[in-house]
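Written below as structure tokens is the structure these notes are about.
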Amino acid sequence: MRRRTAAAGGAAAVGVCVLGLLALGPGGLTGDTTDGAGPRAGRAGPGAPPSPDADSAVRAAQRAVDRDPKDPVAWSGLAQAEIERARTTLDTGRLDAAGKALRRSLALRPEDNYAAVTGNGQLANARHEFTEGRAYGLRGTRMAPERPGGYGVLADAEIQLGHYRAARTAVQRMLDLAPTAAAYSRAAYDLETHGRVRDAAVALRRAERSAETPGETAFAEARLGELAWSQGEVVRAQRHFRRAVRVVPGHPYGASGLARVHAAHGRTDRALALYDRLAARTPLPQFLAEATELRLAEHPGGQRGKRVGAGQHAALEAQLKMVRDQGGTVDPHLALYEADHGDPGRAVGLLRDEWKRSRGVIVADALGWALHRAGHDEEALTYARQAARTGWKSALFRYHRGAIEHALGRPEADRHLRQALALNPHFSPYHAPKAVKMLGGRESAACARVCPGKTQDGPGRDAQARGAEKGDHS
């Protein structure tokens, strides 16, 4: 009831606050910043929160279709449920089912079918056909300029196309029309991408307060955890991840966050056990790669770590083979794994294809890293600089850029490597020690936390986080 009041009864007041949300801070509404220092890693997308009840949603939508098979809205609803299930289960075959349902909806109502237009936009975005998704988003916003759905489709497409100013405009319009959890989540993503971490946290807390389902609440908590984790605030991150899995038991992003927290605290066995359960249930490349790299960090030298985590390594290899054989989209986590632990040349090929579809900073960072791993450092640096163009405070982005510059003998390399470790010394159990090594072991404080065999709590950082928590969630 409290959340419904916040979302509905307080809509007017919230709307006033939201109106200026994206205008806060130095980035304002003037467009992308060009902080040459570079951004940070965060692979979670801006779209609607993942639902743990995707299967039941599909069943409910199917029942609606069965009750009235001539209702075009019911068919569009079934399509949206199938898209959500595809996203949460990695079963891309569900996208074909969604396309079939949307074609049926349009056959029943060829004109003025807003639900089918926005549904086709969601489907195009899910297939990484972002130019088409953008076209559907624009069509939806022209068809019904006072409805938020079209702006959500448009914002998602513009972000992936690298049109960040246009994406921000669409998100702002979506917030103005309907300050829901989905709109706040997209606002938070925009703000984080532009390095405005505190503002992103404000937006995510509003998303949590506006949530109307356990899935929305858990998603907002998990994203708050990721935001804290990105700044090396392990205690705060742990608190949010725990809330996510308390609201939705087994919430995948909450669970993966807790696994990283365990690893940061030196509880490697607990981290790996959690990863194993998660990967068995939700074999996303992110979770598989994190678990494999944690094992590799525990067993430097490569092959032993792969043998210990043979099942997860095999799952990643199988996903890579499927992408190579069938073409289509590639998850950046999967491509980065190929670059680091497989064939860097093939990773470059996969990411060059992805770059034709998506010009966002995440793909730019991954392509730059793959080029570096393949030995093309000069070209790699051009993409690392593109990844930095929005000012995202990403430890991984800065590590990648610093490592590329280190290979080129550039003097700014040490600055970017230090920034990566300062943002989050636990950003990767596999790569953080390499950053320390490239700095010649001079980062003793960071090494105390991330070097193999020396992992321990970061009491100073967490004490700061606990102090900051006094002002959090107020």
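The values are calculated or read from the model by the stated rules, or taken from the named source; none is laboratory data. Nothing here was measured: the structure is a model prediction, and the numbers come from that model. No Cβ is skipped: glycine too gets one built from the backbone with ideal geometry, and neighbour counts run over all protein chains shown. To get the accessible areas, we keep the full protein, side chains included, count just its heavy atoms, and leave off ligands, DNA and RNA. Shrake-Rupley method; radii C 1.70, N 1.55, O 1.52, S 1.80 Å.
In the condition set (1) closer than 29 Å to Leu138 by Cβ; (2) modelled with pLDDT of 95 or more; (3) among the small types (Gly, Ala, Ser), Ala211 is compliant with all but (2).
Among the residues of the stretch 286-329, just one is modelled with pLDDT under 90, of a type in the set (Lys, Arg) and surrounded by 16 or more Cβ atoms within 10 Å (Cβ to Cβ), namely Lys306. For Thr193, the conditions (1) buried (at least 23 other Cβ atoms within 10 Å of the Cβ); (2) within 15 Å of Val361 (Cβ to Cβ); (3) in contact with an Asp or Glu (Cβ under 7 Å, 6 or more places away or on another chain) are fulfilled apart from (3).
With respect to being modelled with pLDDT under 95, within 30 Å of Ala144 (Cα to Cα) and either open to solvent by 30 Å² or more (accessible area, probe 1.4 Å) or basic (Lys, Arg) (or both), Thr169 falls outside the description. Summed over the stretch 356-390, residues that are among the small types (Gly, Ala, Ser), surrounded by fewer than 22 Cβ atoms within 10 Å (Cβ to Cβ) and touching a Gly at 6+ places or on another chain (Cβ under 6 Å) total 1. Report yes if some residue within the stretch 230-245 is open to solvent by 60 Å² or more (accessible area, probe 1.4 Å) and of a type outside the set (Lys, Arg); otherwise report no. No, the conditions are met nowhere in the stretch 230-245. Residues considered: Pro332, Pro283, Pro344. Of these, the only one that is surrounded by fewer than 21 Cβ atoms within 10 Å (Cβ to Cβ), touching a helix residue (DSSP H, G or I) at 6+ places or on another chain (Cβ under 7 Å) and under 17 Å from His431 (Cα atoms) is Pro344. Of the numbered criteria (1) outside any helix (DSSP H, G or I); (2) touching a residue at least 24 places away in the same chain (Cβ under 8 Å), the one Pro145 fails is (2). The conditions of being at negative phi, without any contact (Cβ under 8 Å) to a residue 12 or more places away in the chain, within 23 Å of the chain's Cα centre (by Cα) and open to solvent by 20 Å² or more (accessible area, probe 1.4 Å) are not met by Lys393.
Out of the stretch 89-124, which residues are of a type in the set (Ser, Thr, Tyr) and not in a helix (DSSP H, G or I)? Even if it seems obvious, please write down each step before you answer.
Narrowing the stretch 89-124 to residues of a type in the set (Ser, Thr, Tyr): 89, 92, 105, 114, 118.
Thr92 - this is the single residue of the stretch 89-124 that is of a type in the set (Ser, Thr, Tyr) and not in a helix (DSSP H, G or I).
Could we say that Tyr164 is within 20 Å of Thr390 (Cβ to Cβ), in contact (Cβ under 8 Å) with a residue 40 or more places away in the chain and surrounded by fewer than 24 Cβ atoms within 10 Å (Cβ to Cβ) here? Considered against the rule, which asks whether it is within 20 Å of Thr390 (Cβ to Cβ), in contact (Cβ under 8 Å) with a residue 40 or more places away in the chain and surrounded by fewer than 24 Cβ atoms within 10 Å (Cβ to Cβ), Tyr164 comes out as yes.
For the structure I just gave you, tell me whether Arg236 is touching a residue at least 12 places away in the same chain (Cβ under 8 Å), within 19 Å of Ser428 (Cα to Cα) and of a type in the set (Lys, Arg). First the steps, then the outcome.
Working: touching a residue at least 12 places away in the same chain (Cβ under 8 Å): yes; within 19 Å of Ser428 (Cα to Cα): yes; of a type in the set (Lys, Arg): yes.
When the stated conditions are applied, Arg236 passes them.
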